[in-house]
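**Student:** One structure, pasted below without further comment.
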Amino acid sequence: MADNQQQKDPKSNKPGKKGPPPMPMRGLAISFLAVAIFLVVLQFFTNPSSAGKDMDYSTFLEKLETGRITKADITHDGAGNYYITGESLDLNESGSTQFRVDIIMTEKLMEELREQGVNTTVKRPKTMLTGILLNIVPFILIFGIIYFIFIRQMKNAGRGAMSFGKSRAKLLTQDKNKITFKEVAGVDEAKEELQEVVDFLKDPKLFQKLGGKMPKGVLLSGSPGTGKTLLAKAVAGEADVPFFTISGSDFVEMFVGIGASRVRDMFEQGKKNAPCIIFIDEIDAVGRSRFSGIGGGHDEREQTLNALLVEMDGFDTQEGIIIVAATNRPDVLDPALLRPGRFDRQVVVDPPTLEGREQILKIHSRNVRLSDQVDLRRTARGTPGFSGADLANLVNEAALLASRRGADFVEQEDMEEARDKVMWGRERRSHVLDAEEKKLTAYHEAGHAVAMYHMPECEPIHKVTIIPRGRALGATMQLPEKDRYTQSQKRIEADLISFMGGRAAEELIFGDVTTGAHNDIERSTMIARAMVCEYGMSKKLGPQNLGSSSQPVFLGQGISGSSDFSEKTAQLIDEEVQRILTDAYDKCMKILVDNKKQLIALSEILIEREVLDFAEVDAIMKTGKLPDAPVAPAVAEGASEEKTDSVEATATPEEDKA
């Protein structure tokens with residue numbers, strides 16, 4: 001960080017020398033209140049008016065002459081006034097009473113007191129200051145309590161009513177939890193973009209010698225968990241400049257104009273510490289499009305957005321402040337915020353590739369005791385589509401599973417179980433299936449496995465299980481070889497055939513169908529409709545885009561209900577979708593009929609074993625029985641090197657029983 005940052009007193013951070021904790025505000029107020037009550041009580045008991053009953057001066061002289069005054073204390077109040085407090089006998093002399101009487105101090109009165117033998121004492125006169133203090137101090141204490149309870153708390157809540165418009169941006173230091181680009185993996189392109197920003201801040205002359213200017217802003221967009229905030233932390237660790245961080249929701253407040261004021265104050269702090277970086281997380285909370293279409297607008301948010309637009313690129317814009325923002329909803333941001341000059345660079349942080357997932361697993365497993373048999377490459381292959389946060393969760397779950405079974409190291413089986421748990425849920429071995437349901441589920445999953453095995457275009461089988469997991473009664477899992485970013489028509493049609501395996505096996509073996517293929521049919525219909533309407537894979541309709549009903553409704557778009565094609569075209573779409581699904585079902589049924597013995601053998605062994613890996617499935621398909629010796633897990637023999645980056649799992653969903 002820059003040298004102009006405020007440094008803490010090192011004496012205040014010395015370990016082992018902690019001072020006494022400060023007294024809480026409530027305890028301080030209670031202490032003041034107790035002192036005030038004590039002084040009031042003391043004033044009451046020391047008040048002369050409470051020393052006895054007031055007596056007339058004539059009555060006092062009469063009792064003095066008759067000898068009924070037994071005790072007299074003469075007191076001077078400091079203002080020239082004298083009074084006597086004492087005791088006098090009643091008429092029947094059965095007892096005495098206390099009295100108080102104002103007197104005129106004379107020598108005759110003193111002589112008469114001596115003649116009557118009255119026990120007389122003279123007390124020191126009270127000063128006026130003592131009386132004033134005894135009467136005013138309790139009120140001062142009470143007002144002090146009100147000050148500490150109300151006024152101080154009002155100031156501390158938001159640092160005062162006049163400081164609502166102050167920015168809540170925090171200045172990060174490099175003292176704790178420093179993160180660098182070495183600890184960020186799987187997002188190499190984003191790291192390169194941000195590394196240029198860091199290099200520019202460290203040595204601006206290197207880029208300015210050819211006339212280049214410092215970028216105004218960098219927008220990081222991507223799915224949740226892909227590492228956008230982690231990249232920003234790495235920039236803070238790499239850049240030797242002040243780094244301010246704030247959330248987009250911190251600008252939004254219930255008071256009008258507070259958001260815009262906080263934006264201005266944030267940039268004022270940035271100008272004082274320029275060059276610097278300001279990171280705004282979840283910027284879509286304040287940067288949503290101002291053209292809402294329906295539902296009206298939000299004046300407060302628009303004012304905040306306008307202030308942000310002006311500060312980033314307006315008349316009074318100053319160089320040296322770089323805005324780094326993160327969002328997972330770039331489609332909702334205002335176009336004025338995305339134009340060059342404000343966010344000059346828009347970096348898309350995609351989910352990591354196969355190589356990236358392996359690197360991320362290595363980073364998260366550095367502090368985990370892994371066995372030598374753990375193959376992180378295999379785990380990375382089995383986690384396509386996982387984000388960095390998902391992979392961190394997977395490693396943590398594997399460590400917890402190994403700890404739960406009392407192992408010294410995390411084994412490959414722990415990694416596999418953790419992956420299955422994260423993707424499909426935990427095994428529910430307590431959910432016991434009866435013999436009929438277990439047999440039905442086994443044939444359903446065996447139908448998927450046989451169809452996949454005999455379709456070269458399908459991904460290799462990873463595992464077949466009939467143990468309930470999550471909401472599924474069973475699952476057939478596939479394991480891709482490498483990343484693939486496009487899908488051929490033959491591969492999609494092969495996937496449709498494998499999806500129909502469960503329903504076709506039920507009809508072939510039992511002559512009846514169940515609701516277990518609900519998820520398979522849903523996915524197949526969605527893919528078939530996408531083939532016709534989006535991918536142009538229908539010969540009748542040709543290569544044209546006919547829209548998709550899965551597009552989200554946002555900002556008043558897509559709610560009219562009208563389509564861009566005629567009713568005749570809609571009928572053709574339905575016919576083509578039905579044809580694709582029917583052809584896939586017929587081809588799947590033919591595969592199962594031709595390999596019925598394999599289907600039966602696999603189902604019977606699956607009922608007994610409950611879980612089969614690819615090596616066991618391969619042996620059953622070739623010999624009709626399990627291998628004699630345990631076989632190490634392997635991928636399909638001769639599998640193609642061009643495998644898609646998508647794990648498929650055809651599951652039998654659990655249906656509620658009436």
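**Student:** Within the stretch 620-632, restricting attention to residues that are surrounded by 14 or more Cβ atoms within 10 Å (Cβ to Cβ) and among the β-branched types (Val, Ile, Thr), which residue is modelled with the lowest pLDDT?
**Tutor:** Within the stretch 620-632, the match that is modelled with the lowest pLDDT is VAL631.
**Student:** So, one more: Taking the stated definitions as given, is GLU457 without any contact (Cβ under 8 Å) to a residue 40 or more places away in the chain and either closer than 23 Å to THR379 by Cα or out of contact with any helix residue (DSSP H, G or I) (no Cβ under 8 Å at 6 or more places or on another chain) (or both)?
**Tutor:** Numbers: without any contact (Cβ under 8 Å) to a residue 40 or more places away in the chain: yes; either closer than 23 Å to THR379 by Cα or out of contact with any helix residue (DSSP H, G or I) (no Cβ under 8 Å at 6 or more places or on another chain) (or both): yes.
Yes: the conditions hold for GLU457.
**Student:** Let me ask you something else. Quickly run through the stretch 240-253 and pick out the residues that are in a helix (DSSP H, G or I) and either open to solvent by 10 Å² or more (accessible area, probe 1.4 Å) or modelled with pLDDT of 80 or more (or both).
**Tutor:** Our first condition is that a residue be in a helix (DSSP H, G or I); within the stretch 240-253, this holds for 248-251.
Selection gives GLY248, SER249, ASP250.
**Student:** State which residue pairs qualify: first residue modelled with pLDDT of 80 or more and inside the stretch 408-430, second residue among the basic types (Lys, Arg) in any location, beta carbons under 6 Å apart, and separation of 6 or more residues or different chains.
**Tutor:** From residues that are modelled with pLDDT of 80 or more, the pairs are PHE409/ARG369.
**Student:** Moving on. Quick check on my filter: what residues within the stretch 282-303 are modelled with pLDDT of 80 or more and in contact with a Lys or Arg (Cβ under 8 Å, 6 or more places away or on another chain)? Please lay out each step first, then the result.
**Tutor:** Keep residues of the stretch 282-303 that are modelled with pLDDT of 80 or more, which gives 282-289, 302-303.
Answer for the stretch 282-303, where residues must be modelled with pLDDT of 80 or more and in contact with a Lys or Arg (Cβ under 8 Å, 6 or more places away or on another chain): ASP284, VAL286, ARG288, GLU302.
**Student:** Could you identify the single residue in ARG377, ARG366 that is out of contact with any Leu (no Cβ under 8 Å at 6 or more places or on another chain), among the basic types (Lys, Arg) and free of Cβ contacts under 8 Å to residues at least 12 places away in the same chain? Lay out the reasoning, then the answer.
**Tutor:** Values: ARG377 fails: free of Cβ contacts under 8 Å to residues at least 12 places away in the same chain.
Residue meeting the stated conditions: ARG366.
**Student:** Out of curiosity, is GLY237 buried (at least 24 other Cβ atoms within 10 Å of the Cβ) and not hydrophobic (A, V, I, L, M, F, W, C)?
**Tutor:** On the way: buried (at least 24 other Cβ atoms within 10 Å of the Cβ): no; not hydrophobic (A, V, I, L, M, F, W, C): yes.
For GLY237, the condition - buried (at least 24 other Cβ atoms within 10 Å of the Cβ) and not hydrophobic (A, V, I, L, M, F, W, C) - is not met.
Results for (1) farther than 26 Å from ARG426 by Cα; (2) open to solvent by less than 10 Å² (accessible area, probe 1.4 Å); (3) acidic (Asp, Glu), shown as yes or no for each residue.
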{"residue": "ALA446", "(1), (2), (3)": "no, yes, no"}
{"residue": "ALA451", "(1), (2), (3)": "yes, yes, no"}
{"residue": "PRO456", "(1), (2), (3)": "yes, no, no"}
{"residue": "VAL464", "(1), (2), (3)": "no, yes, no"}
{"residue": "ARG471", "(1), (2), (3)": "no, no, no"}
{"residue": "GLY474", "(1), (2), (3)": "no, yes, no"}
{"residue": "MET477", "(1), (2), (3)": "no, yes, no"}
{"residue": "PRO480", "(1), (2), (3)": "no, yes, no"}
{"residue": "ASP483", "(1), (2), (3)": "yes, no, yes"}
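Per-residue answers, yes or no, for (1) closer than 15 Å to HIS448 by Cα; (2) surrounded by fewer than 19 Cβ atoms within 10 Å (Cβ to Cβ):
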position: ASP495; (1), (2): yes, no
position: MET500; (1), (2): yes, no
position: PHE510; (1), (2): no, yes
position: GLY516; (1), (2): yes, no
position: ASP520; (1), (2): yes, no
position: ARG523; (1), (2): yes, yes
position: MET526; (1), (2): no, yes
position: ALA530; (1), (2): no, yes
position: CYS533; (1), (2): no, no
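**Student:** If you scan the stretch 568-619, which residues turn out to be closer than 29 Å to VAL532 by Cα, surrounded by 21 or more Cβ atoms within 10 Å (Cβ to Cβ) and of a type in the set (D, E, K, R)?
**Tutor:** None - no residue of the stretch 568-619 is closer than 29 Å to VAL532 by Cα, surrounded by 21 or more Cβ atoms within 10 Å (Cβ to Cβ) and of a type in the set (D, E, K, R), so the list stays empty.
The values are calculated or read from the model by the stated rules, or taken from the named source; none is laboratory data. What you see is a predicted model; the values in this text were computed from it and never measured. All Cβ positions, glycine included, derive from the backbone under ideal geometry; neighbour counts span all protein chains shown. Surface areas here come from the heavy atoms of the whole protein model, side chains and all, with no ligands, DNA or RNA. Shrake-Rupley method; radii C 1.70, N 1.55, O 1.52, S 1.80 Å.
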